[in-house]
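Down below is the structure, laid out as structure tokens.
The values are calculated or read from the model by the stated rules, or taken from the named source; none is laboratory data. Keep in mind that this is a model prediction, so the values were computed, not measured. So basically every Cβ, Gly included, is an ideal-geometry build from the backbone, and we count neighbours across all protein chains shown.
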Amino acid sequence: MCTTVGTEEIIILSDDEDCEDDISCNEPSVLIVEVEDVKKSGGAVPPSALDEDLVITFSRRAEVLPHARYDCPIHPFTPTDCEIGAPVAANQLMCDQCFCYICDKLASSCEMWCHSGVCHCNSHKRSEFWSNHRNCSLLGGLKTFNLTLSDIDSHLRQAEMMLHSFRLSLATQFSSFLMGNMLEQYGVSQSIQKCRVFDYTPVYEFVSSFLNKADKQDDRAAAIMRLGAAENFLLHFHVSGTFILQSPMANAAEAKLVLLQRVIASVQRQMVMADFTPEFIHKLQDFYKRFNFPTELKSMKNSLTVRLWDDVLLVSVLKGQNVSGIRKDKGKKDVLVEQFAVVLLRTELLQQQHRYRELCRYLRVVETDDSKLLQKVQDLIPFFMCMAGDLGSALSSLLPSVNAPASRFTPQLFLFYLRVFKTATAPKLAVSQPAQLCSTDAAWEPIKDAVPLSHVPLVRFALRVQRCCSAVFTDSQCWTTLLAVVNTLAPLQDPSPQFLQEAKDVVTSILNDQHGSNIQIPRFFQTVYPDQAMLLLVTGALCLRILSAPLSPALPVLNTFKENVWALGWLWGSLSSSPERLRSFLLEISKEMESTTDGDHLLPFLCTTVSTWSSPTDNWDQQSSGPLNYL
Ligand SMILES: [Zn+2]
Ligand SMILES: [Zn+2]
């Protein structure tokens with residue numbers, strides 16, 4: 001085969017199959033011929049050499065590239081199965097490009113070339129004996145991971161070297177821990193200075209610094225270093241002196257736990273997030289399972305048993321083909337149970353990849369060792385539905401009939417969702433629990449394919465949340481924000497007195513209808529004055545809120561009626577059904593007005609009303625018709 005590389009040279013690759021049967025064939029595997037030299041020496045082509053496919057235009061002895069000894073084009077090689085005593089035939093001969101198959105370095109620098117008992121010059125790749133020998137010698141410490149030479153790259157080789165020197169130093173560190181220190185080094189009183197004290201801290205710090213180095217390596221190398229280190233420090237044990245140090249990592253057993261947790265967390269993360277092949281992950285898992293776990297760490301024996309992304313059950317759940325998380329296969333039952341840490345990792349990765357629908361399917365069925373923590377992540381399903389662009393489904397998933405995520409809302413979380421639904425935008429961030437949604441500085445961006453919800457579903461959503469979540473029902477800010485949705489900045493047309501009158505009964509019946517968690521708004525109520533109807537519905541709910549308990553601060557809530565004073569009048573009318581509460585509410589407002597410096601923005605209407613109604617010398621009965629004049 002002939003290939004032109006650039007314009008300078010031609011690489012001739014021999015077809016390996018051709019000399020398969022003849023190991024001593026003299027053809028080197030690769031020759032590089034420099035074209036420029038050739039042109040000078042190239043002569044006329046004899047007609048007999050012309051061939052349809054190939055024309056030989058020059059002939060020159062090729063430069064020999066590095067090769068294994070058994071491939072040497074200069075010195076014939078005689079293969080044998082496992083001759084180690086002495087060179088067979090002329091196998092000890094070498095050219096200056098001959099490499100030792102076992103050491104992977106120039107034959108001239110191999111110290112075992114003709115060494116009786118290990119005679120490397122006889123080695124070749126078609127002998128099982130020599131191949132195994134090569135693997136052991138080249139894999140070194142990596143052999144215990146069951147890695148093969150094809151797995152190995154320069155990063156892994158580097159990891160192996162670091163691991164090797166780590167092991168040597170660790171042994172020294174641990175033996176000096178076992179020797180203990182005299183107490184005088186710790187500056188304690190004379191009487192107990194002769195006691196020995198055993199401090200694991202330096203060993204812990206040494207292992208930690210090695211793990212720090214691992215963090216900076218290529219993914220596979222890092223995994224090998226972490227697990228290789230764990231295999232070693234797990235063998236450590238604690239020695240108690242009469243005097244016990246209180247520093248946290250002085251005790252070997254406790255330090256080992258901390259170190260192992262760190263290793264597990266890092267490797268788990270890699271198994272989920274890194275681009276490892278299934279084979280490589282299995283090798284890591286098998287290696288870990290062979291560890292000698294002390295009794296107190298036995299519970300961590302299965303910590304690296306992580307499902308691969310191509311796991312049949314996991315894939316079918318993600319694709320929506322399995323909605324139970326249970327798979328029966330030949331009488332065996334497979335349940336999608338994962339460690340909580342793994343659930344978090346998958347949640348993180350699927351968010352990164354914008355696979356929100358798959359993430360929701362996964363979270364709905366996965367089971368884990370910590371159901372409380374899982375609940376927090378599952379409470380994010382509505383957010384992920386939003387991010388998938390489906391605000392309607394997100395809203396429904398906040399308010400199922402049982403165990404509604406909305407019942408666990410904080411006021412901030414309610415305001416968060418209200419904003420998402422109203423604007424179809426969301427902060428760009430990856431989260432693992434709902435509280436993070438409210439404490440972010442991330443910029444809000446439009447959600448792909450999402451359409452903002454109109455007033456009616458927004459109001460119904462808010463009223464339903466108020467029913468199931470007292471934190472939201474109580475909170476003044478939630479009311480202000482909801483009222484700002486229905487009290488549009490432009491004033492709404494005053495509805496007819498008849499509509500306002502009839503609205504009282506309609507609103508009361510909507511709010512009192514407790515059948516199911518849904519809010520049924522009759523269509524006739526929305527026909528003539530649809531926006532006004534929504535405003536009155538929320539105002540009616542506010543009336544119930546004010547009647548139930550003090551609302552503080554109340555002024556920002558009432559200020560949202562700035563452009564729709566008629567609705568505030570309607571509220572006053574509704575509140576007057578409970579004169580005592582109305583009076584105390586007015587007192588609360590006037591106190592709030594006295595203490596606020598922001599009086600300029602208050603409604604003149606509110607000021608006059610409140611000052612009239614809250615005057616202690618005024619008689620209630622004489623005033624009762626005052627604000628109702630607005631109706
Ligand atoms: Zn050679
Ligand atoms: Zn060698």
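Annotation: Ile152 fulfils all but one of (1) modelled with pLDDT of 90 or more; (2) β-branched (Val, Ile, Thr); (3) away from ligand 2 (no atom under 13 Å from the Cβ); (4) surrounded by 14 or more Cβ atoms within 10 Å (Cβ to Cβ); the unmet one is (1). Taken over the range 512-534, the residue count meeting the criterion of being in contact (Cβ under 8 Å) with a residue 60 or more places away in the chain and among the aromatic types (Phe, Trp, Tyr) is 0. Scanning the range 87-105 for residues that are within 13 Å of ligand 2 (Cβ to nearest atom) and either free of Cβ contacts under 8 Å to residues at least 12 places away in the same chain or charged (D, E, K, R) (or both) returns Asp104, Lys105. Screening Ala90 on (1) assigned to a loop (DSSP other than H, G, I, E, B); (2) within 14 Å of ligand 1 (Cβ to nearest atom); (3) surrounded by 15 or more Cβ atoms within 10 Å (Cβ to Cβ) shows it passes everything except condition (3). Among the residues making up the range 409-449, those that are under 14 Å from Arg464 (Cβ atoms) and touching a Pro at 6+ places or on another chain (Cβ under 8 Å) are Tyr417, Phe421.
For the range 93-128, what are the residues that are outside any loop (DSSP other than H, G, I, E, B), more than 10 Å from ligand 1 (Cβ to nearest atom) and surrounded by 22 or more Cβ atoms within 10 Å (Cβ to Cβ)? Answer for the range 93-128, where residues must be outside any loop (DSSP other than H, G, I, E, B), more than 10 Å from ligand 1 (Cβ to nearest atom) and surrounded by 22 or more Cβ atoms within 10 Å (Cβ to Cβ): His120, Cys121, Asn122. All told, Ser131 falls short of being of a type in the set (Gly, Ala, Ser), assigned to a helix (DSSP H, G or I) and within 10 Å of ligand 2 (Cβ to nearest atom).
Mind checking whether some residue in the range 321-339 is within 16 Å of the chain's Cα centre (by Cα), assigned by TED's automatic domain parsing to the domain that holds Cys360, outside any loop (DSSP other than H, G, I, E, B) and not acidic (Asp, Glu)? It would help to see each step written out before you state the result.
First pass over the range 321-339, keeping only residues within 16 Å of the chain's Cα centre (by Cα): 338-339.
If we keep only those that are assigned by TED's automatic domain parsing to the domain that holds Cys360 too, we end up with 338-339.
Retained after the next criterion (residues that are outside any loop (DSSP other than H, G, I, E, B)): 338.
Checking which are not acidic (Asp, Glu) leaves us with none.
No, because not a single residue in the range 321-339 is within 16 Å of the chain's Cα centre (by Cα), assigned by TED's automatic domain parsing to the domain that holds Cys360, outside any loop (DSSP other than H, G, I, E, B) and not acidic (Asp, Glu).
Considering the range 67-87 alone, what residues qualify as being near ligand 1 (Cβ under 8 Å from one of its atoms) and either of a type outside the set (Lys, Arg) or assigned to a strand (DSSP E or B) (or both)? Walk me through it before giving the result.
Within the range 67-87, the first condition is being near ligand 1 (Cβ under 8 Å from one of its atoms), and the residues that meet it are 67, 69, 71-75.
Across the range 67-87, the qualifying residues are His67, Asp71, Cys72, Pro73, Ile74, His75.
Within the range 133-148, is there a residue that is more than 25 Å from Leu235 (Cβ to Cβ) and within 16 Å of ligand 1 (Cβ to nearest atom)?
Applying the first criterion (more than 25 Å from Leu235 (Cβ to Cβ)) to the range 133-148 yields 133-135, 137-138, 148.
Among the residues that remain, those that are also within 16 Å of ligand 1 (Cβ to nearest atom) are: none.
Within the range 133-148, none of the residues are more than 25 Å from Leu235 (Cβ to Cβ) and within 16 Å of ligand 1 (Cβ to nearest atom).
Checked against the criterion of being out of contact with any Leu (no Cβ under 7 Å at 6 or more places or on another chain), under 20 Å from Thr148 (Cβ atoms) and of a type in the set (S, T, N, Q), the candidates Thr242, Thr277 yield just one match: Thr277. Restricting the range 483-510 to residues that are small (Gly, Ala, Ser) and assigned to a helix (DSSP H, G or I) leaves a set whose member that is surrounded by the most Cβ atoms within 10 Å (Cβ to Cβ) is Ala503. Of the residues making up the range 205-262, those that are of a type in the set (S, T, N, Q) and in a helix (DSSP H, G or I) are Ser208, Ser209, Asn212, Asn232, Gln261. Among residues of the range 542-561 that are farther than 16 Å from Ser574 by Cα, those with a beta-carbon under 7 Å from a residue that is among the aromatic types (Phe, Trp, Tyr) at least six positions away or on a different chain give the pairs Val557/Trp479. Just one of the numbered conditions (1) at pLDDT below 90; (2) surrounded by fewer than 19 Cβ atoms within 10 Å (Cβ to Cβ) is not true of Leu586; which one? With respect to (1) at pLDDT below 90; (2) surrounded by fewer than 19 Cβ atoms within 10 Å (Cβ to Cβ), Leu586 is out only on (2). Here Gly320 passes the criteria (1) at negative phi; (2) at pLDDT 95 or above except the one numbered (1).
Summed over the range 326-340, residues that are modelled with pLDDT of 95 or more and either of a type in the set (Gly, Ala, Ser) or more than 18 Å from Thr368 (Cβ to Cβ) (or both) total 0. Taking every residue in the range 497-511 that is basic (Lys, Arg) and pairing it with any residue that is crowded, with 17+ Cβ neighbours inside 10 Å, at least 6 positions away or on another chain, the pairs with Cβ-Cβ distances below 9 Å are Lys504/Leu536; Lys504/Gly540; Lys504/Trp570; Lys504/Gly573; Lys504/Ser574. Scanning the range 570-580 for residues that are part of a helix (DSSP H, G or I) and either surrounded by fewer than 17 Cβ atoms within 10 Å (Cβ to Cβ) or out of contact with any helix residue (DSSP H, G or I) (no Cβ under 8 Å at 6 or more places or on another chain) (or both) yields Pro579, Glu580. Listed by first and then second residue, the pairs with beta-carbon distance under 8 Å, at least 6 apart or on different chains, first residue in the range 330-349 and touching a residue at least 60 places away in the same chain (Cβ under 8 Å) and under 17 Å from Ser303 (Cα atoms), second part of a strand (DSSP E or B) and not aromatic (Phe, Trp, Tyr), are Gln339/Thr368; Arg346/Glu338. Could you please find all residues in the range 429-453 being under 14 Å from Cys386 (Cα atoms) and surrounded by 16 or more Cβ atoms within 10 Å (Cβ to Cβ)? Those that are under 14 Å from Cys386 (Cα atoms) and surrounded by 16 or more Cβ atoms within 10 Å (Cβ to Cβ): Val431, Pro434, Leu437, Ile447, Ala450, Leu453.
In the range 294-307, which residues are over 21 Å from Lys143 (Cα atoms), in a loop (DSSP other than H, G, I, E, B) and not basic (Lys, Arg)?
Pro294, Asn302, Ser303, Thr305, Val306, listed by residue number.
Considering the range 388-447, and only residues there that are closer than 21 Å to Asn518 by Cα and polar (S, T, N, Q), the residue that is modelled with the lowest pLDDT turns out to be Ser401.
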